[in-house]
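One structure below.
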Amino acid sequence: MNILVFVKRVPDTESKIRIQADGKGIVEEGLNFIISPYDEYAVEEALRLREAKGGKVTAISVGKEEALLILRKCLAMGVDEAILIKDTAPESFDGLKTAAAIASLVKKRFPDFDLLLFGKQSFGADNAQVPAMVAELLGIPQVNVVVKLIIEGQEGVAFREIEGAQEKVVFSLPAVISAQKGLNEPRYETLKGIMAAKKKEIPVIPLEELELSELFLNPGIEVIKLETPPAKKAGRIIQLAPEEAAKEIVRFLREEAKIL
Amino acid sequence: MILVFMEKREGKIKKSSLEALAEASRRAEELGQEAAAVVMASELGDESSLKAQGARKIYWLKGEIFDSYSPEIYAHNLSELIKELKPEAVFFAATAMGRDLSPRLAAKLCVSLASDCTQIMVFDGALVFVRPVYAGKALLTLKLKTKPVMATLRPNIFPLREIKQEELPSAIEIIEKEISGAYSGAAARVVEIVKEEGAELDVTEAEVVISGGRGMKAAENFNLLRELSALIPRSAVGASRAAVDSGWIGHQHQVGQTGKTVCPNLYLAFGISGSIQHLAGMSSSKVIVAINKDPEAPIFKVADLGVVGDLFQIIPHLKEELKKALAE
Ligand SMILES: Cc1cc2nc3c(=O)[nH]c(=O)nc-3n(C[C@H](O)[C@H](O)[C@H](O)COP(=O)(O)OP(=O)(O)OC[C@H]3O[C@@H](n4cnc5c(N)ncnc54)[C@H](O)[C@@H]3O)c2cc1C
Ligand SMILES: Nc1ncnc2c1ncn2[C@@H]1O[C@H](COP(=O)(O)O)[C@@H](O)[C@H]1O
C-alpha cells in the first residue's frame, strides 16, 4: 500500500496562548510546538497498515521550516519518507488553502496513492476541514472521525463516531480517512528510530512549486481579530455537611440558575 | 437568501439544525433577506417546525438515496442546488454530519468555511463570525471573502425562536426538486448505524451533562451518575479523560480537548480536577457546578457553584433533593 499521512505542527495543548499586539495572530515566542494530537493516531494507523500489508508510508506537512521537527518524529516512529511543503505564511485558519496545496502535491508526486490519512481536527484551527476538502479536490471518498478501520484489497470498512452512535461506512480505495482517538494507541519513538531519523534527508518543496491558482494562494478568511475570551467571573464556593450541600445545589439550580 | 441544511436522523430533523435555521432567519432579517431550509430525504416530515424557526421556503431534494448518508452524494446534490439558487450564505449545524459534509461542499464550490461558530453578527451588510480556536483559549472574529459564505454553527448555542402561532406567516413555500443526475464518482456509504447501549442522548446534544472524573474511583460508580441522569430530562453522562483511559466509560463520553466540546445549560462535574484540556471542552457551559474534595481544584475557578466535599457522600442526598424538586 502506498500511504500518505498528513501532520501539522501546532502549539503544545498545555500552552498559554498570548495574542499579538495587532490582534491578528498568536505570539509564538516561548511556545512549545508538537505534532497535532490526532495526527499521531493517523501515523500509527499508517504504520500498522504497512506492517500488515507491506508498502510505504510518507509523512507530509505544510508549514514553516520548523515543521521539520515533527516530520523527524514521524520518521522516528517508523515512516519511510517525509516531505515538507514550505509555506511561511502565518496560521490563516483557512482549510481550503492547505487542502489545495496537499491535493496538488498528491497529484504531482503520488498519482498512485492508495490511502490518505489525517487527524480528524488540528489543534489551534480546530477546523476539521482539510481531510474532506482534499478528498473533494481529488474526487475520492472520505470517512472522517474514524475509530476503527479495516482494509481488504481495494475495499474498506470504517466506523466513524457520530452523536451517541457509530456509522459503519463502506468505501473503495483510494480514499481519505481522518483519525479519532480510540483508533489505536500511538507507539513511542525508539532510540534506533530517532538515530535513523536524524540522518534522513527530508525534501523541502516550496509552495510556489505547486503551481496553485491565485484563488488558493490567498486565504478566503479575513482575520478581523483574535482575542482571549473574557474571563469567567469566579463563582461561589461552599463547604457544608453532605445533606446541606445537596440542598444548596438544588436551591442554587432552581433559584439562581433557574434550571430545574 | 441564507440556506440552511436540515439534518435528519431517524426521520426527525435535528434540534441543532433548527437552531441554525433560527439564527439564519434572525441574521437574514437584519440583511433584508430570507431564510430557507433544504431537506434531503424521501419524506419531508415536519415542515411546521421549519416554519416556526423562520424558514420562508423549503427546498426538498426528494429521494430514497438520501435516506442513508453519503458525503459525496450529498455534497454533489447540494452543490447543484446552490449553483441554481445562488444564496448569500449556507449554514450547517456543527454536528458529526455537518462537519463532515460542509468542507466537502465548500471545496466543491471553491469557498472557505467558518467552522463551529458560536456567534454571528452583521456589519456593513456582511456576515461576521466568531469562533473559538486553540481549544477555546482564543476567540477568532472573521469574515469570509468567498461566496457563498459558508459556516457551521455549534449546537446548543443559538436559541430557537419563540414565535406565537398567530404571528407565523400563513403559507410556506415547499419547492420539490428532482435529484440532479446521479453522482458518478466513488462514494462512501453508511450501511449501518451502530447504537451504543443505553446512550440515547449524546453529550453534545444534552441540556444537562453529568460528568465524572478520576474521583469516581471505579467503573461501577458511574452508575451513580447514570441514576442522576435518569432523573433529569435531556441529560447525558460525560467523563474526563482520566476516567475514560481507566476504562470506566467509553470514549464517546469524553469531554475536553481530545473529546467532545459541550455547552449545555448545566454542567455537573464530580471528582474532576479541571485540567486545561478538560476545561477546553466544557468551560462555555452556561452554568457549571463542581463537586470536589480538594478546595484548591482548578475546576472551582470556572464553577458558578463549587462544592467542597466527598462526592460519594453528596450524591445520595442530591438524588433525594432532586427527586423532591422535580416532583413539585
Ligand atoms: C494532549 C492531551 C489531551 C487531553 N485531552 C483531554 C480531554 O479531552 N479531556 C480530559 O478530561 N482530559 C484530557 N487530557 C488529560 C488532562 O490533562 C487530565 O489528566 C485529566 O483531565 C484529569 O482527569 P480528572 O480531572 O478526572 O483526574 P484528576 O486530575 O486526577 O482529578 C481527580 C479529582 O477528583 C477529586 N476527587 C477524588 N476523590 C474524590 C471524592 N471522593 N469526592 C470528590 N472529589 C474527589 C480530586 O480532588 C481531583 O481533583 C488531555 C491531556 C493531554 C496531554
Ligand atoms: N498544515 C498542515 N500540514 C499537514 N497536514 C495538515 C495541515 N493542516 C491540517 N492538516 C491535516 O488535516 C487534519 C485536520 O486539520 P484541520 O482541518 O485544520 O482541523 C489535521 O489533523 C492534519 O492531518
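Quick notes on this structure:
- Each principal axis of the Cα cloud of region B:118-176 was evaluated for its coordinate range; sorted largest first, these ranges are 44, 27, 26 Å.
- Distance between modelled label sites at A:LYS199 and A:ALA52, nm, 7 Å Cα→Cβ extension: 3.2
- Mean per-residue shielding of peptide B:94-100 is 5, counting Cβ atoms of other chains within 10 Å of each Cβ.
- Given their separation in residues at 0.36 nm each and the Cα-Cα distance between them, A:GLU227 and A:GLU256 gain 7.5 nm when the chain is fully extended.
- Using alpha-carbon coordinates, inclination of helix B:71-85 to the longest axis of chain B, degrees: 50
- Once both labels are positioned 7 Å from their Cα atoms along Cα-to-Cβ, the gap between B:SER48 and A:ILE150 label points is 4.5 nm.
- Surface composition of the protein assembly as shown: carbon plus sulfur atoms hold 51% of the accessible area, using a 1.4 angstrom probe and ignoring ligands, DNA and RNA.
- The peptide list B:96-102, A:50-56, A:81-87, put in order of mean Cβ contacts within 10 Å with the highest first, becomes B:96-102, A:81-87, A:50-56.
- Evaluating kT/(6 pi eta Rh) at 20 °C and 1.002 mPa s, with the Kirkwood radius of chain A over Cα pairs in the Stokes-Einstein relation, gives 105 µm² s⁻¹.
- In region A:112-138, the residues whose accessible area drops by at least 20 square angstrom when the other protein chains are added to the isolated chain are A:PHE123, A:GLY124, A:ASP126, A:ASN127, A:ALA128, A:GLN129, A:ALA132, A:MET133, A:GLU136; the probe is 1.4 Å and only protein heavy atoms count.
- Sorted on the mean count of surrounding Cβ atoms within 10 Å across their residues, most packed first, peptides A:94-101, A:231-238 read A:94-101, A:231-238.
- Across peptide A:10-21, the average count of Cβ atoms from other chains found within 10 Å of a residue's Cβ is 3.
- Only helical runs count toward this figure. For chain B, summing -39,500 (n - 2.57) over DSSP H runs of n ≥ 4 and dividing by all residues gives -8500 deg cm²/dmol at 222 nm.
- Per residue, the accessible area of the protein assembly as shown comes to 40 Å² when a 1.4 Å probe rolls over the protein heavy atoms.
- Among complete DSSP H helices in chain A, those whose alpha-carbon atoms stretch at least 18 Å along the helix's long axis and whose mean Kyte-Doolittle hydropathy reaches -1.0 are A:95-109.
- Two-decimal Rg/Rh across region A:126-234, once Rg and the Kirkwood Rh are taken from alpha-carbon atoms: 1.07
- Residues of region B:202-221 that bury at least 20 Å² of accessible area once all protein chains are present, compared with their chain alone (1.4 Å probe, heavy atoms only, ligands and nucleic acids left out), are B:ASP202.
- Rolling a 1.4 Å probe across all protein chains gives B:TRP248 an accessible area of roughly 50 Å².
- Bins of 10 Å from zero: percent of alpha-carbon pairs in region B:137-245: 9, 20, 25, 28, 15, 3
- For region B:208-327, the normalised intensity computed at q = 0.17 Å⁻¹ comes to -0.75 (log10 of I(q)/I(0), Debye sum over alpha carbons, equal scatterers, no solvent).
- Cα pair distances of the protein assembly as shown binned at 10 Å [whole percent]: 3, 17, 27, 27, 18, 7, 1, 0
- Ranked by the mean number of other Cβ atoms within 10 Å of their residues, highest first, the peptides B:209-221, B:143-155, A:205-217 come out as B:143-155, B:209-221, A:205-217.
- Accessible-area ranking of B:HIS278, B:HIS251, largest first, probe 1.4 Å: B:HIS251, B:HIS278
- Rounded tilt (10° steps) of B:96-108 against the dominant C-alpha axis of chain B: 40
- Of the listed residues B:LYS51, A:LYS258, the order by accessible area with a 1.4 Å probe, largest first, is A:LYS258, B:LYS51.
- Pairing chain B with chain A buries about 7400 Å² of accessible area. This figure sums both sides and uses a 1.4 Å probe.
- Sorting B:LYS293, B:LYS323, A:LYS120 by solvent-accessible area of protein heavy atoms yields B:LYS293, B:LYS323, A:LYS120, largest first, with a 1.4 Å probe.
- Using every pair of distinct Cα positions in region B:1-150, the Kirkwood expression returns a hydrodynamic radius of 15.5 angstrom.
- Cα pair distances of region A:175-260 binned at 5 Å [whole percent]: 2, 7, 7, 7, 7, 9, 10, 12, 10, 7, 6, 8, 6, 2
- Cα-Cα separations in chain B greater than 30 Å, expressed as whole percent: 41
- Gap separating the Cα centres of region B:240-287 and region A:23-54, nearest whole Å: 22
- Inter-chain neighbour count for B:272-285: the average number of beta-carbon atoms from partner chains within 10 Å of each residue's beta-carbon is 1.
- When region A:25-141 is reduced to its Cα atoms, the Kirkwood hydrodynamic radius in Å: 15.0
The values are calculated or read from the model by the stated rules, or taken from the named source; none is laboratory data. Model, not experiment: these values are computed from the prediction. Positions of Cβ are backbone-derived with ideal geometry, glycine not excepted, and every protein chain shown enters the neighbour counts. Areas reflect the complete protein model, heavy atoms only, side chains present, ligands, DNA and RNA absent. Shrake-Rupley method; radii C 1.70, N 1.55, O 1.52, S 1.80 Å.
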